[in-house]
Amino acid sequence: MRPKQHKTTGSNDLFRARLDQIINMKHELVLLAGKIDWDWIDGEIAPLYSENGWPGIETRFMIGLLLLKHIYGLSDEGVCERWVHDPYFQFFTGEEFFQHAFPHERSDLSHWRKRLGDKLELLLAESLRVAHEAGALRTQDLKRVTVDTTVQPKAITFPTDAKLLHAAIKGLNRLARRHGVRLRQSYSRVAKAAAMMAGRYAHAKQFRRHRRQLRILRSRLGRIIRDIRRKIEGQPALEEAFALPLGRATQIRSQQQRQRGWKLYSFHAPEVECIGKGKASAPYEFGVKASIVTNNRRAPGGLFVLHARALPDNPYDGHTLRDVIDRTETLTGCPIERAYVDRGYRGHDAQNPRRVFISGQKRGVFGVIKRELRRRSAIEPIIGHLKAEGHLGRCYLKGRAGDAANVILSAVGHNFRRILAWFRELWCLFLFVLWRTLACPAPLNSAS
């Protein structure tokens, strides 16, 4: 059922302290809470609820909690823990009185991310609207953009054959115990010792012994796969429950290190892809490709993320440019006059190719366009901030839906960080002007 509308009583309580009486109402979080259109967000999320059942958690509370998590780069547990002792967090999520205990469960954040799904782009649009209303972003800043791609790494270890085989053995044993399938032998201790020795032999460059340990792991994994298939044969419920794990284990057992084509890099996260961006520090990264769009010219509040999207299946950058530009125009409501990209977008399929300028291009590049093309590289530190201060540097959410949600929410967090910095700049400017006015008053007119 749809959550109840957020309401404030405005009255005092003898046994509880009102938040507006114990916090600084000029704080940037207080100002940001007043700028966000919570009613509009609640109206857009309303169709996701049914008409029956118990009323859901208030929209402002959960959306505010998601925003705080990505503004300050906290985990789900961290933002819930900080909410208890931070009155500004409580005020931002719509509380009227100071609370001494977290009123909901941490898992509600996961349920809300799944419920929102594609609606998360509404938060990105709202962050741009708030920036525009606060004066940190102008309409003319939306017409010329910079587009680039990066890799959002997944929360997995570096995949090696020994690690993957050992993870498959542990995963099948865990699933068998859960469903009550009694295996002839689990090979848990044998697999653990073989995986450990394989790593030691590889480090010592004793590759013949290393390959022998891999053969031990592969043979034991094959025995477990065949044993499970014998035990669940003729039981449709168990066959359905073991279908995907057995398929992953079979793929891991059969794949080779240098084979061509699709490979599995994680037993618990099969959506992980191996992406090479030509970096000397990280030749290969394991995750999903993400597209980032920023304004080319620096706005009064800095560079904002105008669009962010996960690109599964590792597509060629040039083949994604048309869709990215269309989605950015839909999100901002402003047509894009010029787009600046790097050389990875050569051979792109944009609708207006003459308005797309590639790094290193000489023909048609002069004057203002030449200066703006030099600013294309300004998107790189923005991506660095998304990874260092946000959650783009490591995705802990499950599946491709989690990858898509993490990219968008990281962009939303960056935009709101820029807005908070803009509020601080305005406050410092106000104090400076006030000090100059008091320290150096204007001379009185001495006309007689």
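Select, from ASP148, ASP161, ASP118, the only residue that is out of contact with any helix residue (DSSP H, G or I) (no Cβ under 8 Å at 6 or more places or on another chain) and of a type in the set (Asp, Glu).
So the residue among ASP148, ASP161, ASP118 that is out of contact with any helix residue (DSSP H, G or I) (no Cβ under 8 Å at 6 or more places or on another chain) and of a type in the set (Asp, Glu) is ASP118.
Please state which one of HIS166, HIS132, HIS210 is under 30 Å from HIS307 (Cα atoms), free of Cβ contacts under 8 Å to residues at least 60 places away in the same chain and either outside any loop (DSSP other than H, G, I, E, B) or touching a helix residue (DSSP H, G or I) at 6+ places or on another chain (Cβ under 9 Å) (or both).
HIS132
Within segment 141-151, identify whether any single residue is surrounded by 22 or more Cβ atoms within 10 Å (Cβ to Cβ) and assigned to a helix (DSSP H, G or I), and answer yes or no.
yes
Which residues, taken from segment 92-111, are under 13 Å from LEU65 (Cβ atoms), open to solvent by less than 50 Å² (accessible area, probe 1.4 Å) and outside any loop (DSSP other than H, G, I, E, B)?
Selection gives PHE92, SER107, ASP108, LEU109, SER110.
A quick yes/no check of all residues on (1) open to solvent by 30 Å² or more (accessible area, probe 1.4 Å); (2) of a type in the set (A, V, I, L, M, F, W, C); (3) closer than 25 Å to TYR265 by Cβ:
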{"site": "LEU122", "(1), (2), (3)": "yes, yes, no"}
{"site": "ALA134", "(1), (2), (3)": "no, yes, no"}
{"site": "LYS154", "(1), (2), (3)": "no, no, yes"}
{"site": "LYS170", "(1), (2), (3)": "yes, no, yes"}
{"site": "ALA176", "(1), (2), (3)": "no, yes, yes"}
{"site": "VAL181", "(1), (2), (3)": "no, yes, no"}
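Hey, among the residues in segment 2-38 that are modelled with pLDDT under 90 and within 28 Å of the chain's Cα centre (by Cα), which one's most open to solvent (accessible area, probe 1.4 Å)?
ARG2
Given the conditions (1) farther than 17 Å from ILE169 by Cβ; (2) part of a helix (DSSP H, G or I), which single one is not true for ASP227?
Every listed condition holds for ASP227 apart from (1).
What number of residues in segment 372-393 are in contact with a strand residue (DSSP E or B) (Cβ under 6 Å, 6 or more places away or on another chain) and part of a loop (DSSP other than H, G, I, E, B)?
Total satisfying the criteria: 1.
Among the strands (runs of 3 or more DSSP E) contained in segment 245-341, which hold 2 or more residues that are of a type in the set (S, T, N, Q) and farther than 23 Å from ARG400 by Cα? Let's see the steps before the verdict.
Details: elements: 273-275, 285-295, 305-311, 338-341.
Passing ranges, in order: 285-295.
Out of segment 342-371, which residues are touching a strand residue (DSSP E or B) at 6+ places or on another chain (Cβ under 9 Å), assigned to a loop (DSSP other than H, G, I, E, B), open to solvent by less than 70 Å² (accessible area, probe 1.4 Å) and not polar (S, T, N, Q)?
Listed by number, the residues that qualify are ASP342, HIS348, ALA350, GLY364, VAL365.
The values are calculated or read from the model by the stated rules, or taken from the named source; none is laboratory data. Computed from a prediction, not measured in an experiment: that's the story for all the values here. In this analysis, Cβ positions are derived from the backbone assuming ideal geometry, glycine residues included, and neighbour counts consider all displayed protein chains. Just so you know, the surface numbers come from the protein's heavy atoms only, side chains and all, with ligands and any DNA or RNA stripped out. Shrake-Rupley method; radii C 1.70, N 1.55, O 1.52, S 1.80 Å.
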